[in-house]
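I have placed the structure first, in the form of structure tokens, so that the comments after it can refer back to it.
Rule-based calculations on the coordinates, nothing more; no lab input. Not measured: the values here are computed from a predicted model. Cβ sites come from the backbone with ideal geometry, for glycine too, and all protein chains shown count toward neighbours.
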Amino acid sequence: DGGITQSPKYLFRKEGQNVTLSCEQNLNHDAMYWYRQDPGQGLRLIYYSQIVNDFQKGDIAEGYSVSREKKESFPLTVTSAQKNPTAFYLCASSILSGGALETQYFGPGTRLLVL
Amino acid sequence: GQQLNQSPQSMFIQEGEDVSMNCTSSSIFNTWLWYKQDPGEGPVLLIALYKAGELTSNGRLTAQFGITRKDSFLNISASIPSDVGIYFCAGRPRGSGNTGKLIFGQGTTLQVKP
């Protein structure tokens, strides 16, 4: 089945530790995105990528890093510089059509907790 | 930055009732999307709207792209218990076609009493 997978479902981070969240899609979508969701809040964009080996900062990129070495993969690293990392992280993807980005589809999410 | 005002923030209704929620913006949007999120899951796309005035249905759900391009509403008819969840509007502002950015509303939490 085609879709977006995120792993793990739950992730625990110790103080000062970097952790990496996985996002894989087999939809052949060009663009991929990472969002952060806090309780009672909407989604805030962390990073996005429209093409392999290229990515741009979103609204809250500080303390995060990404890579896009393959079209189907867009891992997110939460670094020790992110002082408040506890949140629900969502990955999304979309096709590119005529220069405009189409509808985004989401993965199941990863909940990150700090020990 | 740009914001979407989504209302109401929460609703508690009786099974069988109709539901209406809306999103407004101070600027023009080229796309309006409505998503539903179940607890602990990712949002699932319900309806996508691409033209001003467009009215689209998906089963018991109906959404419209406002004529002014600054608002959208979502209606759910004859609600059932599985409609429970958080409903998000999202929009792509005019002029942001190549940035990949969607702006999200704060969500409407819907609870349905059987």
To the nearest whole number, what is the average tally of beta carbon atoms from other chains within 10 Å of the beta carbons of peptide B:40-47? 5
Just how large is the dipole of chain A about the Cα centre, in debye to the nearest 20, putting +1 at every Lys and Arg Cβ and -1 at every Asp and Glu Cβ? 380
Work out how far the C-alpha atoms of the protein assembly as shown reach from end to end along every principal axis, then list the three figures in whole Å, largest first. 49, 42, 37
Sequence ranges A:74-81, B:39-46, ranked by mean other-Cβ count within 10 angstrom, highest first: A:74-81, B:39-46
Let me have the relative contact order for chain B, percent, based on Cα pairs under 8 Å that are six or more residues apart. 37
GNM, chain B, Cα, under 10 Å: largest mean-square fluctuation among B:L33, B:L74, B:L102? B:L102
